[in-house]
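The values are calculated or read from the model by the stated rules, or taken from the named source; none is laboratory data. Just so it is clear, the structure is predicted and the values come from calculations on it, not from any experiment. Every residue, glycine among them, receives a Cβ derived from its backbone with ideal geometry; neighbour counts consider all protein chains shown. SASA here: full protein model, heavy atoms, side chains in, ligands and nucleic acids out. Shrake-Rupley method; radii C 1.70, N 1.55, O 1.52, S 1.80 Å.
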Amino acid sequence: MKRAIDITVLPEIPENIRTAVLEVTTRLKAMPGALLPVLHGVQGALGYVPADAVPLIARELNLSRADVHGVVSFYHFFRQQPAGRHLIYLCRAESCQAMGAVTLEKHIRGRLAIDFHQTTADGAYTLEPVYCLGNCACSPAMMIDGDLKGRMTPERFDAWLDAEAT
Amino acid sequence: MSVTVYVPIDASALSLGAEAVAKAIATEATRRGCDVRIVRNGSRGMYWLEPLVEVETADGRVAYGPVQAADVPSLFDADFLHAGQHALALGPTESIPYLKRQQRLTFARVGIVDPRSLDDYRAHGGYRGLAKALRMGCIDIVQAVLDAGLRGRGGAAFPAGIKWKTCLDAPAEQKYIVCNADEGDSGTFSDRMIMEGDPFVLIEGMTIAGLAVAATRGYIYLRVEYPHAQRALLAAIAAAEAAGFLGDSVCGSGKAFHLEVRMAGGAYICGEETSLLESLEGKRGQVRFKPPLPAIEGLFGKPTVINNVVTLASVPIILDQGAGYYRDYGTGKSRGTLPIQLAGNLKRTGLVELAFGATLRELIDDFGGGTASGRPLRAVQVGGPLGAYIPPSRLDTPIDYEAFAAIGGMLGHGGVVVFDDTVDMAAQARYAMEFCAIESCGKCTPCRIGSTRGVEVIDRMLAGSANERERNEVLLRDLCQTMIDGSLCALGGMAPFPVLSALDHFHEDFAGAADQAAH
Ligand SMILES: Cc1cc2nc3c(=O)[nH]c(=O)nc-3n(C[C@H](O)[C@H](O)[C@H](O)COP(=O)(O)O)c2cc1C
Ligand code: SF4
Ligand code: FES
């Protein structure tokens, strides 16, 4: 049965967020255990899971806001802030460490002048740590905008960055 | 006649430029008017040779590698389409010693078939196991898995058949098969290679598991770091559905099996089976108390078989070739084969599937070719972030569950990570504790608080004088024992293993800055 969507009890939500969330929840809420698929859908559409979206997701899935917030904050993958234009995941796990990931990490943090979980001032790059990309046979590894890169070195990273900048 | 050329679509091969190579071959072939059919296969698992290009000839496949896009014109010049000589030529693929010496059962088709082609899968023996299972009763399928001696490849090494039997015996109107594809350990990629290189074998294994315990629905819980595997699985599931291998009536048997892929959220603890189930139900991935076992009360409170990717992917060959065939590989209580993943500082990293029983040294020296840096090997971590660091003196330990337990280690998911002598073992010990602190699900105190205190104690050890160091070492060992004894699951219960092994075997690395200054 279709029920009329009543958002009067919810706080003000920017229109784009409301539309995106409702599109995702309408499509997925009948799934058993729908919350993770819904959060993936929202982050896929908006690039992050805005705090504004939480009450609406909760209402649509018949959960409490605390339930939804608790899940969003538990998982490393879900972002509560938008990322930069390029999202860089750098592997910090043991195989990559054995092949120079620590040096690479220092280099990248220096070159972008940011720490993990931060975005460069121009909004171009966000740096996130990741525990293993399954590319351990080609360590050190990173993933940029969904593109996996193996046997990374500071030089190869710089070359990529310079190519992006031009 | 068209020549078939194979260029892997495996994520690691792509990470080294395989996509550009495939494009260059297509472009160059058009330019030269050569009739080339490019197949995107999985990886053979010889990653130092990736991107590995293979050409189908009358005498079998010949290999070239590692190929970069810039090498492609010269490959055509050398007539590689007819096995011509070239600096990158490696000869017949199957004769490369690394591959030739393996015993590939679970990985029999990986790197060989087109992972998107159901026809190719069937032409290479696919779905023969399911055909047999469809003619058997539930209990006979379970018995075959029991007789084969198949133990869980995800880490805990629990006999799969016993788990299936428990689930079969639990009465319920709905049961589930859950595939643990969270592959969280560093140094492991065999699940990923199966899903990308031969996804139908996992689908077939899960379908057989469904028949065995009368479960009509399956979920693959896939780590979010694996977008390539997600694409491969979705394509394969769609193809299997279209051909009637999945759906309301599997192969017209009247028995239903539906399969869905669910993406994880990037939390290591969700590899632990009960926290995985919580996550699948849409909750925080916190570990559940056992009992009840998931086989009795699992997903959505229903009886659930939860197995690792490699475990499930090993089922089709057991049904097809018989339990005895599989069991005859291996040693002692470790039966069959284990896909071992060689990673870290090695010349020849990759996947080696062998019967249990080879030693760590054979793997590292004979297959791995020694360290990539050429420096002496100093430590090996087997079994992921919770595995002990093994010193060179223990390299003759055979790969078998009991032998590893005897040296205080574990095989886990079969990941082998090698470090050379530049490694700082105190830093590795600190990292292990920090990892536990970051990834703790928070349910129990020894793990949640203990790991944070552990990092602080290690920091004090390293900063302090010799006196301070000894005092803090006593504290650290005590803390580790509390975590081992008091944690609810293996994250808190085993994180002390890398820490203690570093202390025991590499004590010299813990000489703090203050001591060094005093010398
Ligand atoms: C902290 C922790 C992490 C785990 N991670 C994984 C994992 O990533 N993949 C996996 O298959 N099993 C993992 N396991 C083991 C599972 O709990 C469980 O034993 C396994 O999924 C059962 O399947 P199997 O019997 O086929 O191995 C983990 C266990 C613990 C305690
Ligand atoms: S040991 Fe750690 S991860 Fe495991 S249940 Fe306790 S708090 Fe959670
Ligand atoms: S350890 Fe870095 S990709 Fe696995």
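Computed over chain A, the per-residue total of -39500 (n - 2.57) for DSSP H runs of n ≥ 4 gives a 222 nm mean residue ellipticity of -13000 deg cm²/dmol, rounded to 500.
Buried between B and A is an accessible area of approximately 3500 Å², summed over both sides with a 1.4 Å probe.
By the Stokes-Einstein formula, at 1.306 mPa s and 10 °C, the stretch B:112-163 with its Kirkwood radius over alpha-carbon pairs has D equal to 123 µm²/s.
Peptides B:136-144, B:93-101, B:29-37 ranked from most to least packed by the mean count of surrounding Cβ atoms within 10 Å: B:136-144, B:93-101, B:29-37. Between A:Thr120 and B:Ala256, what's the calculated FRET efficiency when r is the beta-carbon distance and R0 is 51 Å? Round to 0.05. That gives a FRET efficiency of 0.50.
Let a ≥ b ≥ c be the square roots of the eigenvalues of the Cα gyration tensor of the protein assembly as shown; is it rounded (a/c under 1.5), or, if not, prolate (a/b larger than b/c) or oblate? Rounded shape, in that the Cα axes give a/c under 1.5. Summing Lys and Arg as +1 and Asp and Glu as -1 over all other residues whose Cβ lies under 9 Å from the Cβ of A:Ala141 gives a net charge of +2. Rolling a 1.4 Å probe over the protein heavy atoms of the stretch B:274-370, with every protein chain left in place, gives an accessible area that is 50 percent carbon and sulfur.
Among all stretches of chain A without exposed chymotrypsin sites (Phe, Trp or Tyr not before Pro) (DSSP loop, at most 16 other Cβ atoms within 10 Å), which one is longest? In short, A:49-115. Within 10 Å of the Cβ of each residue in A:32-40, the mean number of Cβ atoms contributed by other protein chains is 6.
A straight Cα-to-Cα reach below 12 Å connects A:Lys106 with the aspartates and glutamates A:Asp115, residues fewer than 8 places away in its own chain not being considered.
Taking the alpha carbon gyration tensor of the stretch B:21-110, multiplying each eigenvalue by 5 and rooting it gives semi-axes of 23, 13, 12 Å, largest first. Accessible surface calculations at 1.4 Å, restricted to protein heavy atoms, place the stretch A:14-159 at 40 Å² per residue.
With θ taken as phi - 60° and the Karplus curve 6.51 cos²θ - 1.76 cosθ + 1.60 applied, the whole-hertz 3J(HN,Hα) list for the stretch B:135-152 is 8, 10, x, 3, 5, 6, 5, 4, 4, 4, 5, 4, 5, 5, x, 5, 10, x Hz, x standing for glycine and proline.
For B:Arg471 and B:Asp147, the FRET efficiency from 1/(1 + (r/R0)^6), where r spans their Cβ atoms and R0 equals 60 Å, is about 0.65. Cross-link list B:Lys255/B:Lys302; B:Lys163/B:Lys333; A:Lys29/B:Lys443: which exceed 22 angstrom alpha carbon to alpha carbon? Distance filter (> 22 Å) returns A:Lys29/B:Lys443.
Between B:Asp77 and B:Arg31, full extension at 0.36 nm per residue minus the direct alpha carbon distance yields a gain of 15.3 nm. The alpha-carbon atoms of the stretch B:107-260 define a convex hull whose volume equals 113 cubic angstrom per residue.
Remark: C-alpha extents of the stretch B:240-284 on the principal axes read 39, 16, 15 Å, sorted largest to smallest. Of the trypsin sites (Lys or Arg not before Pro) in the stretch B:170-229, not one is in a loop by DSSP (not H, G, I, E or B) with at most 10 other beta carbons within 10 Å.
All other residues whose Cβ lies under 13 angstrom from that of B:Leu168 are scored, Lys and Arg at +1 and Asp and Glu at -1, for a net of +1. For the stretch B:341-364, heavy-atom accessible area (probe 1.4 Å) falls by no less than 20 Å² from the chain alone to the full protein assembly at B:Gly344, B:Asn345, B:Thr349.
The value of relative contact order for the stretch B:91-238, using C-alpha pairs under 8 Å at least six residues apart, is 30 percent. Note on chain A: dipole from Cβ charges, positive end direction compared against A:Val54, A:Cys136, A:Phe116; the farthest Cα belongs to A:Val54.
Per-residue extension of 0.36 nm, minus the Cα-Cα distance of B:Thr359 and B:Gln174, leaves a gain of 62.2 nm for this segment.
With R₀ set to 35 Å, the beta-carbon distance separating A:Ala163 from B:Ser2 gives a calculated FRET efficiency near 0.50.
If the label point is 7 Å along Cα→Cβ of B:Phe300, which residues in the stretch A:16-32 have backbone nitrogen under 17 Å from it? What the label zone holds, given the 17 Å backbone N cut-off, is A:28-32. In this simple spin-label model, placing a label point 7 Å from the Cα along the Cα-to-Cβ direction at both B:Ala131 and A:Asn16 gives a separation of 5.5 nm.
Probing with 1.4 Å while keeping every protein chain in the model, the per residue accessible area of the stretch B:226-362 equals 32 Å².
Counting only other chain Cβ atoms within 10 Å of each residue's Cβ, the peptide B:179-191 averages 4.
Per residue, chain B reaches -11500 deg cm²/dmol at 222 nm when only DSSP H runs of four or more residues are counted, each adding -39500 (n - 2.57).
Burial of accessible area (probe 1.4 Å, heavy atoms of protein chains only) in the stretch A:77-100, relative to its chain alone, reaches at least 30 Å² for A:Phe77, A:Arg92, A:Glu94, A:Ser95, A:Gln97, A:Ala98, A:Met99.
Using a 1.4 Å probe and counting only protein heavy atoms, arrange B:Trp48, B:Trp164 so the residue with the most accessible area comes first.
Largest accessible area first, the residues go B:Trp48, B:Trp164.
Leaving out ligands, DNA and RNA, what percent of the accessible area of the stretch A:1-150 is carbon and sulfur, probe 1.4 Å? Ligands and nucleic acids excluded, carbon and sulfur give 54 percent. The shape of chain B comes out oblate: with a ≥ b ≥ c from the C-alpha gyration tensor, a/c is at least 1.5 while a/b does not beat b/c. Taking a ≥ b ≥ c as the square roots of the Cα gyration tensor eigenvalues, the stretch A:1-150 comes out prolate, since a/c reaches at least 1.5 and a/b is larger than b/c. Taken along the Cα-to-beta-carbon direction at a fixed 7 Å, the label points for B:Ala242 and A:Val102 span 5.1 nm. Placing a label point 7 Å from the Cα of B:Ala406 along the Cα-to-Cβ direction, the residues of the stretch B:313-342 with a backbone N closer than 12 Å are B:332-333.
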